[in-house]
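The values are calculated or read from the model by the stated rules, or taken from the named source; none is laboratory data. On a predicted model such as this, the values are computed, not experimentally measured, just so you know. Here the Cβ positions follow ideal geometry from the backbone for every residue, glycine too, while neighbour counts run over all protein chains shown. Areas reflect the complete protein model, heavy atoms only, side chains present, ligands, DNA and RNA absent. Shrake-Rupley method; radii C 1.70, N 1.55, O 1.52, S 1.80 Å.
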Amino acid sequence: MTTPPRTVFTSARGRVAELHEIRAQAMAGLSGKATEAQHAKGKLTARERIELLLDPDSFREVEQLRRHRAVGFGLEAKRPYTDGVITGWGTVEGRTVFVYAHDFRIFGGALGEAHATKIHKIMDMAIAAGAPLVSLNDGAGARIQEGVSALAGYGGIFQRNTRASGVIPQISVMLGPCAGGAAYSPALTDFVFMVRETSQMFITGPDVVRAVTGEEISQNGLGGADVHAETSGVAHFAYDDEETCLAEVRYLISMLPSSNRENPPVHLSDDPADRRSEVLLDLVPADGNRPYDMHKVIEELVDDGDFLEIHERWARNIICALARLDGQVVGIVANQPQSLAGVLDIEASEKAARFVQMCDAFNIPLLTLLDVPGFLPGVSQEHGGIIRHGAKLLYAYCNATVPRISLILRKAYGGAYIVMDSQSIGADLTYAWPTNEIAVMGAEGAANVIFRRQIADAEDSEAMRARMVKEYKAELMHPYYAAERGLVDDVIGPAETRAVLIASLAMLKTKHADLPSRKHGNPPQ
């Protein structure tokens, strides 16, 4: 956009008219064709996205009239208002939220010095105000014509992402391409949303991959929404269209506090706090070898059966979700017996550890539902560092100071029992159902170790093994063994679980716990 000769106005009315004309240019973007091209790709414009994200008429733009000052490579002849990024604040359900949105119609949303400075400013404002920050990403990376100044702009974003971590919620919404170093900003934030077919994230694109490795792959195959939601774990959510995606961003914000200085908002429902759930008696089989869907257990416990699962399609053997109990937001970590029998492995440990850390940072109480047979055995897991990755989950729980309640439904074996917020690592309250089995290992494995000689010497080794398994279960795995030793606070009936959990959370609401004085810990990586 070239700068037209400016008329000199001598009256206030004339100057206001000029302002309105300039604002109209900034709102319209470069041209109608650019908007048509954006829509032809199945994508909304930056301003249309902001309208969907925020409450109606609540957006207040910052530095709308900003223009770059770069010269060379023809840039001096193209100086559009906004410089390709729209920044400002508005509200979501009446609560302040800061936002920046790349405008792909201008320089392909590429980041230059002025563009980056606008983002830096809005990030600083969000941190100072103590309010969530949402980035609507749709950009072609660094503006090559501006060279190292553009790269420095990204560095400023990364530094602020890190400074804001655990202070305000940071949400990245991927609505277009995000390549190279630009992909690290979303990776530093708390949540990443993606839209299928139109958003991609990768460090090196398909052309570079082909040149270096000879592998042929499409952009979506390399870094599309489904890849990151199912395989890499980079994306927490993936949706088919932008409208649904942005509606879910609003829902997530409604579950989070504005900053670490506040508690999450309370939304009371008509679901009675003392509601009994008799269906749980039949939903979870007493036989520990029979699978069931933990999602259905969560639905029975939480308000109105409503919860938001995080990383739903990655590491499915563990469930991480935000829900409400009597209106209060809780973070739920639960083993999923329908997937890998609910074992902990490398990906499940990483997924749950990050979720626990997020909940602890933002004052969200933790509810852990255990039905875990142990860690996944195997050469690939050991060589992949299951010790190191499992320790991440252990560290996250041990470091958490929010209210922590654990509930053992069935199996809780070995190191996985300890790691999943057992009483010994600091859970405030530990409950168990009468179907619980807490032990070093399963009865069969334990009997084979303890009674190896008796079994080997017996005339009927199988009969002896069955007898020893039964004896081990009776002595060390009965439902009240842990409660008798003070490792479980109470054994409760499944139907009364919701009422017990809500009463416990109410008691723990004023919990205060201090960590040792230190600069920061050194968690396993």
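Numerical summary
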item	result
Peptide ranges 103-109, 258-264, 395-401 listed from the most packed, as the mean C-beta count within 10 angstrom indicates	103-109, 395-401, 258-264
Efficiency of FRET from Cβ geometry, Ala128 and His520, R₀ 25 Å, rounded to 0.05	0.65
Crossing angle, helix 346-361 versus the chain [Cα axis fit, 0-90 degrees, rounded to tens]	70
Å² per residue, accessible surface of the chain at 1.4 Å	45
Helix 497-508 axis, angle to the chain major axis (alpha carbon atoms, nearest 10°)	70
Residue list for segment 31-63, given a label point 7 angstrom along the Cα-to-Cβ vector of Asn220 and an amide N cut-off under 19 Å	38-44
Ranked by how many other beta carbons lie within 10 Å on average, peptides 273-285, 297-309, 348-360, 376-388 from highest	348-360, 297-309, 273-285, 376-388
Accessible surface of segment 269-341, 1.4 Å probe, proportion on carbon and sulfur as whole %	43
On Cα atoms only, tilt of 12-28 relative to the major axis of the chain in degrees	50
Proximal lysines to Lys470, defined as alpha-carbon separation beneath 22 angstrom and excluding residues fewer than eight positions away on the same chain	Lys411
Cross-link reach list, lysines versus Lys519, counting only Cα pairs under 22 Å and skipping chain neighbours closer than eight places	Lys392
Additional length obtainable on full extension of the chain from Arg485 to Ser232, 0.36 nm per residue less Cα span	86.9 nm
Net charge dipole size for the chain [Lys, Arg +1 and Asp, Glu -1 on Cβ; Debye, nearest 20]	2240
Solvent-accessible area, 1.4 Å probe, carbon plus sulfur percent, for segment 454-507	51
Segment 304-357 and segment 453-508: distance between their alpha carbon centers, rounded to Å	24
Anchor Lys33: aspartates and glutamates whose Cα lies under 15 Å away (excluding residues fewer than 8 positions away in-chain)	Asp103
Listed residues Gly14, Cys320, Ala439: farthest to the positive end of the dipole of the chain (Cβ charges)	Gly14
